[in-house]
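Here's the structure we're looking at; comments come further down.
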């Protein structure tokens, strides 16, 4: 099954700084989604970028997609303590059958 | 309020005692799925359902059963739980199986002694 691999595994920054997380995957995709998970809680969808898109914005979030490199990045600008969470990417191939699978995620800590 | 609900939220049980974790969504979603989350292993898909009466195995289906008799419900059944099924379980749903975001339930923390 298709699975995204996030990098780094953990990231610690100061409030106000930008946070960049990367995702790599192995096969072709139809879209790629990013999710956030606060400790012990369910995942929350952040943004979806389609395979024919290169960049997408949503508030303080900026996602890029490079299908030639099979990679994506999530940038959180002007981070806040409330952004502290784990972030997961989920590449999706509509022909893959079992839909989204998630890697280990990036654990982001934003220090006030 | 549109949501995915799971019950129970916490459960401690013993090896071999059958249990069911319920999942319900009120968004008329076709697609539903179960995941387990374990430290260092991320989220792994157990079973998924494209629609009523259609279920398929995910990456780690062994030891689990599911059913999809109604659109809104997708229970996860552990016929004979074992300690290696101790985990955090999430149910999720999506409008359709393709190109849609998934909505996750709050999670069920299961401990099998």
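What follows is calculated from the coordinates using simple rules that are stated; it is not laboratory data. Quick caveat: nothing in here was measured; it's all calculated off a predicted structure. Heads up, the Cβs are rebuilt from the backbone with ideal geometry, glycines too, and the neighbour counts pull from every protein chain shown.
Under a 10 Å cutoff between Cα atoms, tell me which one of B:64, B:89, B:47 has the largest fluctuation in the Gaussian network model of chain B. Fluctuation is largest for B:64.
Taking every Cα-Cα distance in chain B and sorting them into 5 Å bins from zero, the calculated P(r) comes out as 2, 13, 24, 27, 19, 10, 4, 1 percent.
Averaging the sequence gap over all C-alpha pairs within less than 8 Å and six or more residues apart, then dividing by the number of residues, gives chain B a relative contact order of 36 percent. In this simple spin-label approximation, residue B:17 and residue A:94 carry label points 7 Å from Cα along the Cα→Cβ vector, and these lie 4.7 nm apart.
What the Cα convex hull of chain A gives, in volume per residue, is 89 Å³.
Note on residue B:84 and residue A:50: the model spin-label points, each 7 Å out from Cα along the C-beta direction, lie 4.3 nm apart. Normalising the average separation of contacting C-alpha pairs (under 8 angstrom, six or more residues apart) by the number of residues puts the relative contact order of chain A at 40 percent.
The Rg/Rh ratio of the protein assembly as shown, with Rg taken over Cα atoms and Rh as the Kirkwood radius over Cα pairs, comes to 0.97. When only alpha carbons are used to place a centre, segment B:1-66 and segment A:1-22 end up 27 Å from one another.
Taking every residue in A:84-90 and counting other chain Cβ atoms within 10 Å of its Cβ, the average works out to 1. Here the spin labels are modelled as points 7 Å beyond Cα on the Cα-Cβ line, and at residue B:113 and residue B:98 they lie 4.9 nm apart. Among the residues of A:42-49, the average count of other protein chain beta-carbon atoms within 10 Å of the residue beta-carbon is 5.
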